[in-house]
Amino acid sequence: MQASLTPWQGRLASYARLMRLDKPIGIYLLLWPTVWGLVAAGVGRPDLLLTIVFVLGVFFMRSAGCVVNDLVDRDIDPQVARTKERPIANAEVSPGEALWLFLGLLALAAPLLLFLNWPTRWLSLGAVFLAVTYPFTKRVTHLPQVYLGAAFGWAIPMAFMAHQRALPLETWWLYLVTILWAVIYDTMYAMVDREDDLQAGVKSTAILFGAYDRLIIGVLQFTVCLLLFGLARYLDLNPVFDLFLLIGAGNFVYQQYLIRDRQSEQCFKAFLASHWFGVAIFFGLFLGYQVG
C-alpha cells in the first residue's frame, strides 16, 4: 500500500483490491457470456435498458463473487504464492469487513431487479446461490471449473427470460458453450497454482487432468468451436459469424502455444488471452444477426 495514502484512501484501496477492480479480466470473462446471451435473446437487437441492467449486474456480482471467494479462502490464500498478498490473506481487511462489503454489493445490485420481469428475478436467486457456493467446490471436487462456468453463464438464461419469457434450446446450447469455455480458461489459470494447490489440498481440473491437461484442453477447445458452428447454423446466422469463430479458434491455438511447457507465467498469460475469444464470439454473433 502506498505510504502517501490517507487511512481512508488506503482502506478504499484495499476494498478495491478485494473486489479485484485492479484486475478486470474476471469482469470480461463474466461480461462476454452475458452479452452473448443478450444478443441471442434479442435476436441481434438486445433491449438497451436490459443491456445496461445486465452489464451493471456483471460488475456488482463479479465484485461480490471475488469478496466471498477470498472470505471463504482466507485460510488457503496465504499458502499460495499468487494469492498470499490478497487483502484478507495479508490482514489488510478483516473477515467481518469483507462480509459487510459483500452484503453491500448485493444491496447495490438488488435495485436492478426492479427492471426485470418476475421470472427473471426468480432466476437471479440462482446467480447469488452459485456465487456464494462456488468457493466451497474446490474443497469437495476436482471440477470447480465446471461450477464456475455454471455461475459465469447463468446470465444467459436470465437474458432469455428477460427478453422472451422463455428458455428455448439456444439458451442451453450457449450455456453449455460457456461452461466448457470456463473449464478451458480456468484450467489454464489453475495450472499456474498446481503445485501450491497440491500442498494446500485444493482441488482443480489442472490436478485432475495431470499430464493430459493440454490434450483435454485442446479437445474442449475443439468441442466449443464445433458447438458454436452448429449453433450458428441452427440460428441461421450470416456466415460472417464463421469468420469471427475462426479468429476465436486462432486464439485457442495461441493459448496452446503459450501453455506448451506448462510454465506458470505462460499459463497465466494464456488465461488472460481468453478475453479475446469472448470478444470474437460477441462480434460474430452481433454481426451474424445484422448482415444478410
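The values are calculated or read from the model by the stated rules, or taken from the named source; none is laboratory data. Please read all numbers here as calculations on a predicted model, not as lab measurements. For neighbour counting, all protein chains shown are included, and Cβ atoms are generated from backbone atoms with ideal geometry for every residue, glycine included.
In this structure, does Arg82 turn out to be part of a loop (DSSP other than H, G, I, E, B) and at pLDDT below 95?
Numbers: part of a loop (DSSP other than H, G, I, E, B): yes; at pLDDT below 95: yes.
Taking the combined requirement at face value, the residue satisfies it.
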Condition check: of a type outside the set (Ser, Thr, Tyr), under 17 Å from His163 (Cα atoms), at pLDDT 95 or above and not in a helix (DSSP H, G or I). Does Pro119 satisfy that?
no
Set Ala131, Ala190, Ala159: member being more than 12 Å from the chain's Cα centre (by Cα) and within 30 Å of Leu49 (Cα to Cα)
Ala159
May I ask you to say which residue of Ala200, Ala273 is over 21 Å from the mean Cα position of the chain (by Cα) and small (Gly, Ala, Ser)?
Ala200
Identify the residue in the range 87-99 that is within 23 Å of the chain's Cα centre (by Cα) and not in a loop (DSSP other than H, G, I, E, B) and, among all such residues, is surrounded by the most Cβ atoms within 10 Å (Cβ to Cβ).
Ala98
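Each row is one residue, and each column tells you yes or no for (1) surrounded by fewer than 21 Cβ atoms within 10 Å (Cβ to Cβ); (2) at pLDDT 95 or above.
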{"site": "Gly10", "(1), (2)": "yes, no"}
{"site": "Leu38", "(1), (2)": "no, yes"}
{"site": "Ile52", "(1), (2)": "yes, yes"}
{"site": "Ser63", "(1), (2)": "no, yes"}
{"site": "Asp73", "(1), (2)": "no, no"}
Quick check: anything in the range 107-122 under 17 Å from the mean Cα position of the chain (by Cα) and within 12 Å of Met61 (Cβ to Cβ)?
no
Given (1) touching a Lys or Arg at 6+ places or on another chain (Cβ under 8 Å); (2) in contact (Cβ under 8 Å) with a residue 60 or more places away in the chain; (3) not charged (D, E, K, R), Gly26 misses just (2)
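Residues in the range 233-242: is at least one among the hydroxyl-bearing types (Ser, Thr, Tyr), touching a residue at least 12 places away in the same chain (Cβ under 8 Å) and in contact with a Lys or Arg (Cβ under 9 Å, 6 or more places away or on another chain)? So that I can check it myself, show each step before the final result.
Keep residues of the range 233-242 that are among the hydroxyl-bearing types (Ser, Thr, Tyr), which gives 234.
Filter again for touching a residue at least 12 places away in the same chain (Cβ under 8 Å), leaving 234.
Narrowing the set further to residues that are in contact with a Lys or Arg (Cβ under 9 Å, 6 or more places away or on another chain) leaves none.
No, there is no match, as no residue in the range 233-242 is among the hydroxyl-bearing types (Ser, Thr, Tyr), touching a residue at least 12 places away in the same chain (Cβ under 8 Å) and in contact with a Lys or Arg (Cβ under 9 Å, 6 or more places away or on another chain).
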Cβ-Cβ below 6 Å, separation at least six or inter-chain, first residue in the range 174-185 and at positive phi, second part of a helix (DSSP H, G or I): which pairs?
none
